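The values are calculated or read from the model by the stated rules, or taken from the named source; none is laboratory data. Please read all numbers here as calculations on a predicted model, not as lab measurements. Reconstructed Cβ throughout: ideal geometry from the backbone, glycine too, with neighbour counts over all protein chains shown.
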Amino acid sequence: MLLDRTTPPAIHDAIEFDYILPPINTQHLSNGLPLYWLNAGVQDVVEVDWIFPAGLWYEQKPAVAHAVAALLKNGTSKRTAHEIHEAFEYYGANLKVNPSNDFSSVTLYTLTKHLPKLLPLVYELLTDAVFPEEELQIYKQNAVQRLLVNLRQCEFVADQRIDALLFGEAHPYGRFSKKEKIEALSREDLLSFYKNHFALAHVRMFMSGKISEQDVKAMDEVFGKAPVVSNPISQEIFSAPAPSETKHRIINDENGVQGAIRIGRLFPNRHHEDFAPMVVLNTLFGGYFGSRLMSNIREEKGFTYGIYSSLAPYINGGSFTIHTEVGRDVVEPAVKEIYQEMKLLCETPAPDEELLLVKNYLLGNLLGDLDGPFQIIQRWRTLILNGLTEEHFNRNINVYKSITSKDLQQLAAKYFCTDDFYEVVVV
């Protein structure tokens, strides 16, 4: 039977599809360490993540988490930094160490066949890093220079200041880099943080790609045989203060022609019932290129090349922030228009056609996120690290599909109160 090419195929909205998070395998290695793994994909590549409670939240001394992450690959008792980097390059592998507010992740990308050769090297870095003094001095010099360059950029300063306002400068989520804090770091600071927070007793491991039970066995041969000594990690309790002054105008460059605008408020994290609905409202408001903010402030007013709003959910809190850069002469009109768009969403339900477009955008992106082993394991990683289950994923999908314009209007009325927002403008 010939294909009838005169009749186009039916077009389906993304909300009509079913969204199923592929299952992962959960097991414990011989010494009890947890491993989550997923066999998927057609290419012979693998990603392995080692996740540690070693983010800014756990710092006893400012700037130490980033320093440890930057220097983790720069020397062990057996190899120099050059030898370590050369070993990964020999196998065409890539090892990244990324600190965040809550966690630090060590991520290996390699051809599956090279995994048994590289796992012992990663183990060496995670158990025997020595942070040579000369490497630390080079790092501090470079970090200070980068900071001084960045501080000349209004958007960098604005990002620092809005977080400091929302959470407080003494709070891990609001703390920002300072020259004297970087220069004060010592090798003993790094070793102490590394010993306490990169201990294998605290690791959670994730592996995905075209892998088999043999590759899981290779993980067990290296990390499953390691001695595991549990040492509890102490956590301070932080609370975000409420500064009396909510509007801040900073002159960073007297001759600057551009102003960075940040408008934000605290917002609950993924565990809160309003988080999933807010994902939809944020998308409509400023979360994609067709958003209200982009249509008004970029397309109609021509104030900026881009303006976005975003949710930042952390383990111990979160925030909602609008960010853009505009011409110095239109800073205040742009701020006014941002609040005007908030007001419109509070007063008038979004048209059904616009809401359908937002839902299709959100769910269409989600379809892409569920295509490929690395994207799928990332979804699982987020759930597991936040203490959530597959049911949470399914509830979110239901919210994205079923939320109404009236629901969004009520949500906007709850969270788009201008008195709850802090403003930072840096020129």
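Filter the stretch 36-60 down to the residues that are closer than 18 Å to V228 by Cα and out of contact with any Phe, Trp or Tyr (no Cβ under 8 Å at 6 or more places or on another chain) and list them by number.
W50
How many residues are under 20 Å from the mean Cα position of the chain (by Cα) and part of a helix (DSSP H, G or I) when one looks only at the stretch 166-201?
3
Evaluate the stretch 247-264: report whether one residue or more is closer than 22 Å to I397 by Cβ and surrounded by 15 or more Cβ atoms within 10 Å (Cβ to Cβ).
No, the stretch 247-264 contains no residue that is closer than 22 Å to I397 by Cβ and surrounded by 15 or more Cβ atoms within 10 Å (Cβ to Cβ).
Output the number of the condition that S177 fails; it satisfies all remaining conditions of (1) modelled with pLDDT of 95 or more; (2) closer than 25 Å to R146 by Cα.
(1)
Of all the helices (runs of 4 or more DSSP H) wholly in the stretch 315-400, which have at least 3 residues that are more than 28 Å from H271 (Cβ to Cβ)?
Because the criterion is at least 3 residues that are more than 28 Å from H271 (Cβ to Cβ), the helices (runs of 4 or more DSSP H) in the stretch 315-400 that meet it are 331-347, 352-369.
With A260, A218, A276, A226 as the choices, which residue is in contact (Cβ under 8 Å) with a residue 24 or more places away in the chain, in a loop (DSSP other than H, G, I, E, B) and of a type in the set (A, V, I, L, M)?
A226
Take the residues in the stretch 368-400 that are charged (D, E, K, R) and crowded, with 17+ Cβ neighbours inside 10 Å, then tell me which one is nearest to E16 (Cα to Cα).
Looking at residues that are charged (D, E, K, R) and crowded, with 17+ Cβ neighbours inside 10 Å, I get R379.
For E254, state whether it is of a type in the set (D, E) and either within 26 Å of R175 (Cβ to Cβ) or touching a strand residue (DSSP E or B) at 6+ places or on another chain (Cβ under 6 Å) (or both). Steps first, please.
Numbers: of a type in the set (D, E): yes; either within 26 Å of R175 (Cβ to Cβ) or touching a strand residue (DSSP E or B) at 6+ places or on another chain (Cβ under 6 Å) (or both): no.
When the stated conditions are applied, E254 does not pass them.
Looking only at the stretch 91-119, count every residue that is touching a Lys or Arg at 6+ places or on another chain (Cβ under 9 Å) and part of a helix (DSSP H, G or I) and tell me the total.
Number of matching residues: 1.
With M207, M219 as the choices, which residue is more than 28 Å from L166 (Cα to Cα), under 21 Å from the mean Cα position of the chain (by Cα) and not basic (K, R)?
Selected residue: M207, the only one of M207, M219 that is more than 28 Å from L166 (Cα to Cα), under 21 Å from the mean Cα position of the chain (by Cα) and not basic (K, R).
Check S100, S77, S104 and return the single one that is of a type in the set (S, T, N, Q), surrounded by fewer than 19 Cβ atoms within 10 Å (Cβ to Cβ) and touching a helix residue (DSSP H, G or I) at 6+ places or on another chain (Cβ under 6 Å).
The unique qualifying residue is S77.
When the stretch 214-236 is examined, which residues are found to be out of contact with any strand residue (DSSP E or B) (no Cβ under 9 Å at 6 or more places or on another chain), of a type outside the set (G, A, S) and under 23 Å from P23 (Cα atoms)?
Q214, K217
Restricting to the stretch 125-141, what's the tally of residues that are in contact (Cβ under 8 Å) with a residue 12 or more places away in the chain and in a helix (DSSP H, G or I)? Outline the logic, then answer.
First pass over the stretch 125-141, keeping only residues in contact (Cβ under 8 Å) with a residue 12 or more places away in the chain: 125-133, 135-136, 139-140.
Filter again for in a helix (DSSP H, G or I), leaving 125-128, 133, 135-136, 139-140.
Residues in the stretch 125-141 being in contact (Cβ under 8 Å) with a residue 12 or more places away in the chain and in a helix (DSSP H, G or I): 9 in total.
Can you tell me which residues in the stretch 1-48 are touching a Pro at 6+ places or on another chain (Cβ under 9 Å), of a type in the set (A, V, I, L, M) and part of a loop (DSSP other than H, G, I, E, B)?
The answer is A40, and nothing else.
List pairs: first residue in the stretch 95-123 and at negative phi, second residue of a type in the set (G, A, S) and in a strand (DSSP E or B) anywhere in the structure, Cβ distance under 8 angstrom, at least six positions apart or on different chains.
Close Cβ pairs (under 8 Å, with a partner that is of a type in the set (G, A, S) and in a strand (DSSP E or B)) amount to K96/S105; V97/S104; V97/S105; N98/S104; N98/S105; T112/G209.
Keeping to the stretch 215-237, report how many residues are farther than 22 Å from E124 by Cβ and modelled with pLDDT of 95 or more.
Number of matching residues: 0.
Regarding the stretch 155-165, can at least one residue be identified that is surrounded by 20 or more Cβ atoms within 10 Å (Cβ to Cβ) and either on the phi > 0 side of the Ramachandran plot or assigned to a loop (DSSP other than H, G, I, E, B) (or both)?
Taking every residue of the stretch 155-165 in turn, none turns out to be surrounded by 20 or more Cβ atoms within 10 Å (Cβ to Cβ) and either on the phi > 0 side of the Ramachandran plot or assigned to a loop (DSSP other than H, G, I, E, B) (or both).
What pairs can you find where one residue is in the stretch 328-355 and more than 30 Å from Q258 (Cα to Cα), the other is at pLDDT 95 or above and among the β-branched types (V, I, T), and their Cβ atoms are less than 9 Å apart, with a gap of 6+ or different chains?
From residues that are more than 30 Å from Q258 (Cα to Cα), the pairs are P349/T404; A350/V358; D352/T404; L355/V280; L355/I403; L355/T404.
Determine which member of the set V144, V122 is over 24 Å from G209 (Cβ atoms), assigned to a helix (DSSP H, G or I) and either modelled with pLDDT under 95 or not aromatic (F, W, Y) (or both).
When all the criteria are applied, what remains is V144.
Can you pull out the residues in the stretch 238-274 that are in contact with a helix residue (DSSP H, G or I) (Cβ under 7 Å, 6 or more places away or on another chain), among the small types (G, A, S), closer than 30 Å to L411 by Cα and at pLDDT below 90?
Within the stretch 238-274, A240 is the sole residue that qualifies.
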